[in-house]
Amino acid sequence: MIELIERATSFSGNLAIHCEGMDYTYSQLLEVSESISAHLLKDCKDLDEARVAFLIEPGFSYVAIQWGIWRAGGIAVPLCVKHPLPALEYVLDDTSASYVIYSADFEPVLRPLIEQNGNRFIAFESLKSGNGVLPDVYEERRAMILYTSGTTGKPKGVVTTHNNIKAQVTSLVNSWEWSQSDHILNVLPMHHVHGIINALCCPLWVGACCEFLPRFDTDEVFEVFIRGKVNLFMAVPTIYHKLIARFEVTSAERQKEIEASLKNFRLMVSGSAALPVTVLEKWREISGHTLLERYGMTEMGMAISNPYRGERKPGYIGKLLHGVEVRLASDQNEVELGVPGEIQVKGEIIFKEYWNKPVATQETFTFDGWFKTGDIAVQDEEGYYKILGRNSVDIIKSGGYKISALEIEEVLRTHEAVKDCAVVGIHDDEWGELIVAGLLVSDSSLDLEQLSNWVRNVLPGYKAPRKYMILEDLPRNAMGKVTKNELKELFKHHLNK
Ligand code: MCA
Ligand code: AMP
């Protein structure tokens with residue numbers, strides 16, 4: 001049986017999930033997930049890695065479905081609750097999902113697909129309780145597919161096995177000293193590693209409690225902090241930036257309550273994007289905590305982290321985690337200490353494959369099995385790594401989301417008034433990078449607000465450009481290739497005017 005779930009039997013009376021004012025124990029999680037498995041299995045003995053997608057708000061039902069799919073031998077494909085229909089459809093088609101479980105709130109967005117092919121869609125509310133014999137699911141089997149943007153157009157499905165997930169979780173449980181008495185607040189999107197592995201599977205591994213908020217909201221986060229049960233928090237730098245901004249305009253009395261509640265925390269973590277030193281320092285003034293910055297990727301979970309005990313160096317992502325091998329390399333060769341190189345990683349944490357993309361999978365590993373992250377870093381004499389950048393200008397990190405400039409460009413080019421375009425990320429204190437697009441248009445009266453709304457019907461809001469600039473021509477080099485760094489400068493100049 002899957003170890004994460006098997007372990008839950010020894011914490012059955014513990015509180016597992018708190019959401020929307022309700023408490024749920026591990027025994028409820030086991031009971032409801034078993035019932036979901038039985039429903040999914042119907043007459044078969046094992047889902048045999050069939051893909052089961054689910055579109056559910058973060059909370060108890062989300063976790064029960066995830067476990068239900070795993071216990072029935074399926075591959076869990078969590079969908080993003082903010083995606084418009086085309087983005088959801090892409091994932092469903094790419095995974096050829098056998099079933100799609102959705103809660104009533106998402107019926108309107110899925111309706112066109114339900115009308116076309118209703119059989120594979122299961123309303124969560126219609127899941128019948130049942131019990132039956134569940135299959136024995138070996139840890140080598142595929143467990144989950146998460147979608148990530150890369151340097152080629154459309155997002156790729158990252159496949160992890162139960163063994164990969166176990167390695168990713170146990171490494172963090174040991175390094176960050178998770179225990180049964182922990183209680184984390186999880187405000188992260190539940191279709192990415194940060195929310196799923198770090199903030200959900202880690203507490204569940206040790207019998208701790210994961211509390212969800214249906215959506216991120218600064219006041220609600222502070223409200224939960226003040227209630228005093230939570231002792232761990234993990235977020236992207238943009239969230240800390242937003243919490244600081246809200247704190248600064250809060251009454252002195254409320255500020256004191258927030259500060260007092262933060263004293264009870266044992267750990268606060270930042271990751272998914274570079275943590276600006278100014279944010280680290282301001283949060284330290286408010287909370288008394290030096291944020292623990294760590295580094296990870298959808299394809300591997302976490303590989304490098306500042307220490308739980310020991311010096312957390314501002315501006316550094318820390319040292320390699322237990323059970324992981326890391327090297328800095330130029331092409332296939334390790335560089336000398338102090339010389340920048342690409343972060344390459346080996347270990348059980350590394351994903352199995354990109355779904356249905358054997359060539360892309362092969363290309364992302366060196367001939368001798370190192371996973372190539374594409375991130376450039378340098379190591380200091382004490383073993384701490386510092387990220388210097390990425391080897392592709394086409395990857396943008398905004399709000400902690402990884403976004404492909406090429407994917408946005410492809411969408412923009414399908415608009416009737418757009419002749420050509422180039423998308424880049426420019427520095428922004430709040431979002432890390434802001435997505436902006438330079439356009440060549442066939443109709444100079446193009447309404448940019450309308451264009452922006454049109455884009456948001458195709459792409460999720462967090463992938464939509466925030467600013468557009470109509471240009472006479474795109475900056476290009478002698479070979480005719482768009483020079484994106486020049487475009488960034490043009491934008492900076494344009495926005496500073
Ligand atoms: C939203 N808005 C933005 C952006 N996103 N503006 C600029 N840039 C953006 N990227 C605007 C919206 O248009 C809207 O404005 C307003 O902000 C609120 O939108 P909403 O969607 O409600 O935003 P939010 O809920 O406040 O979201 C901010 C967020 C979110 C909570 C920081 O971006 C988030 O959850 N990020 C976490 C992503 C994450 O988990 N990444 C982990 C990937 P208006 O109302 O004017 O339209 S896993 C990973 O990276 C690895 C493994 C790792 O290391 O962890
Ligand atoms: P994703 O594919 O969404 O999992 O994003 C992974 C990428 O996020 C990595 O390749 C890095 O570029 C970036 N990242 C994650 N953590 C950090 C960090 N602490 N500092 C800088 N970049 C980070």
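The values are calculated or read from the model by the stated rules, or taken from the named source; none is laboratory data. In this text the structure is predicted, and so the values were computed from the model without any measurement. Reconstructed Cβ throughout: ideal geometry from the backbone, glycine too, with neighbour counts over all protein chains shown. We work out accessible area using only protein heavy atoms, side chains counted, and drop any ligands, DNA or RNA first. Shrake-Rupley method; radii C 1.70, N 1.55, O 1.52, S 1.80 Å.
The rows are residues; the columns are (1) part of a loop (DSSP other than H, G, I, E, B); (2) more than 16 Å from ligand 1 (Cβ to nearest atom); (3) in contact with a strand residue (DSSP E or B) (Cβ under 6 Å, 6 or more places away or on another chain).
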position	(1), (2), (3)
Arg246	no, no, no
Glu259	no, yes, no
Met268	no, no, yes
Leu275	yes, no, yes
Thr278	no, yes, no
Trp283	no, no, no
Thr290	yes, yes, no
| request: Test Glu311 against the stated conditions and say whether it is part of a loop (DSSP other than H, G, I, E, B) and not aliphatic (A, V, I, L, M). | output: yes
| query | How many residues, within segment 321-333, are open to solvent by 50 Å² or more (accessible area, probe 1.4 Å) and within 18 Å of Gly389 (Cα to Cα)? | reply | 2
| request: State which residue is nearest to Ser179 (Cα to Cα) when the search covers only segment 17-48 and only residues that are in contact with a Ser or Thr (Cβ under 6 Å, 6 or more places away or on another chain) and touching a residue at least 60 places away in the same chain (Cβ under 8 Å). | output: Tyr26
| query | Among the residues of segment 160-176 satisfying the criterion of being among the aliphatic types (A, V, I, L, M) and in contact with a helix residue (DSSP H, G or I) (Cβ under 9 Å, 6 or more places away or on another chain), which is farthest from Glu353 (Cα to Cα)? | reply | Val173
| task | Would you confirm whether any residue within segment 21-33 is closer than 26 Å to Tyr354 by Cβ and of a type in the set (Asp, Glu)? | result | no
| said: within 30 Å of the chain's Cα centre (by Cα), in contact (Cβ under 8 Å) with a residue 40 or more places away in the chain and open to solvent by less than 30 Å² (accessible area, probe 1.4 Å): is that true of Ala422 in this structure? | reply: yes
| message | Between Phe247, Phe225, which is more than 16 Å from ligand 2 (Cβ to nearest atom), within 22 Å of Asp182 (Cβ to Cβ) and among the aromatic types (Phe, Trp, Tyr)? | response | Phe225
| task | Would you point out which residue out of Gly480, Gly400 is under 30 Å from Leu243 (Cα atoms) and either out of contact with any Phe, Trp or Tyr (no Cβ under 8 Å at 6 or more places or on another chain) or not small (Gly, Ala, Ser) (or both)? | result | Gly400
| task | Pull up segment 383-432, narrow it to residues that are under 24 Å from Leu320 (Cα atoms) and in contact with a Leu (Cβ under 9 Å, 6 or more places away or on another chain), then point me to the one that is nearest to ligand 2 (Cβ to nearest atom). | result | Gly400
| field | Candidates Glu342, Glu311, filtered to the one that is farther than 25 Å from Ile396 by Cα and either over 20 Å from the mean Cα position of the chain (by Cα) or within 16 Å of ligand 1 (Cβ to nearest atom) (or both) | value | Glu311
| request: Please work out if Ser305 is in contact with a strand residue (DSSP E or B) (Cβ under 6 Å, 6 or more places away or on another chain) and over 19 Å from Val158 (Cβ atoms). | output: yes
